[in-house]
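Let me begin by presenting the structure, written as structure tokens, before commenting on it.
The values are calculated or read from the model by the stated rules, or taken from the named source; none is laboratory data. Not measured: the values here are computed from a predicted model. Every residue, glycine among them, receives a Cβ derived from its backbone with ideal geometry; neighbour counts consider all protein chains shown.
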Amino acid sequence: MMRTLSGIQPTGNLHLGNYLGAIRNWVRMQDEMPGEKLYFLADLHAITVHNDPAELTANTREMAAALMAAGIDPAKAILFNQARVPAHAELGWLLFCTARIGWLNRMTQFKEKSGKNREGASVGLYAYPVLQAADVLLYQTTHVPVGDDQKQHLELARDIATKFNLDTGTETFTLPEPTIPKAAARIMSLRDGSAKMSKSDPSDASRINLVDDADTIMAKIRKAKTDAEPLPSEAAGLEGRAEARNLVSIYAAMADESVDAVLARFAGQGFGAFKPALGELLVESLRPIATRLTALKSDPAAIDAALADGAARATALARPTIDAAYTALGLCR
């Protein structure tokens, strides 16, 4: 059976970049791809850096609510958070003993995430790609949607699975295959077209939050940084115009159109005409998500119940694999 798995770290203050960059693709996968879908909130990964415990709990619930508000249906897919399925951490340790230091030394993201304070980074931050491998291998996952920044980690998961199987003379793990999701929009800051839209930006005007009301969205788009030139008739004309490209890309992503199609409609017009059209499109597209998200966030017990049900289903799927891994290593329990 085809089984697809994706995870996302629980961060608060979800914005348009989160939605167009990942969440909308998850909804489409749920409805369009065959087989089972597992979507998890990577709260164990979140603690590789310091987190306020109460904030992490709140962010986990908010992320679950956002996924459901955007269209993830816990009746169609398995939605859960890692911490409710201890087999993730169990298998992580077993795979730590299979993975090689040399493999982890080649992982590029640790260098980026640790910055200049590499010696002060947690062991978890260094070794989290092994936990990612456990996340995938635990469910005999056949397919993992990956972007360019995650291809190396999936290759590591396959290397670990291959070595474990060879070392133990078993076929404990399925080797997952990468799938390339439909092009995810790369949404940039409304204040700086060279920087990704981010909740860590101190300026709230740099992003469209999923809970922003209509007036706020329109105001943010109206104040978004642009240039004085009219819109070209094709995408090549946006070269060197980062802010213009970003706004047109947002419109194209929300409307499910190509950039060229959008430009064909607005060619020759200035941002005085384009911005109101973009704002109205965002308001109408995000209103139902924001309404449902607000309702879900007001009922944390319902969110927890959905996550608990998903965790029970995930645990049942994980049990044969974790049992097989213990047995393959000669561990008694």
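Side notes on the structure shown:
- Helices (runs of 4 or more DSSP H) within region 219-333 that include 3 or more residues farther than 26 Å from P10 by Cβ, free of Cβ contacts under 8 Å to residues at least 12 places away in the same chain and of a type in the set (S, T, Y): none
- The selection criterion, being assigned to a helix (DSSP H, G or I) and more than 25 Å from D43 (Cβ to Cβ), does not hold for T172.
- Among residues of region 205-242, those that are within 22 Å of the chain's Cα centre (by Cα) and either modelled with pLDDT of 95 or more or outside the structural domain of T291 (by TED's automatic domain parsing) (or both), counted: 3
- For region 41-65, the set of residues classified as assigned to a loop (DSSP other than H, G, I, E, B) and out of contact with any strand residue (DSSP E or B) (no Cβ under 6 Å at 6 or more places or on another chain) consists of I47, T48, V49, H50, N51, D52, listed by residue number.
- Selected residue (criterion: surrounded by the fewest Cβ atoms within 10 Å (Cβ to Cβ)) from residues of region 66-83 that are part of a helix (DSSP H, G or I) and out of contact with any Asp or Glu (no Cβ under 9 Å at 6 or more places or on another chain): M68
- Residue count for region 316-333, restricted to those that are under 30 Å from N18 (Cα atoms) and crowded, with 16+ Cβ neighbours inside 10 Å: 2
- Selection from region 111-124 of residues that are more than 18 Å from the chain's Cα centre (by Cα) and surrounded by 12 or more Cβ atoms within 10 Å (Cβ to Cβ): S114, R118, A121, S122, G124
- Test: residue in region 8-20 that is without any contact (Cβ under 8 Å) to a residue 60 or more places away in the chain, hydroxyl-bearing (S, T, Y), surrounded by 15 or more Cβ atoms within 10 Å (Cβ to Cβ) and on the phi < 0 side of the Ramachandran plot: no
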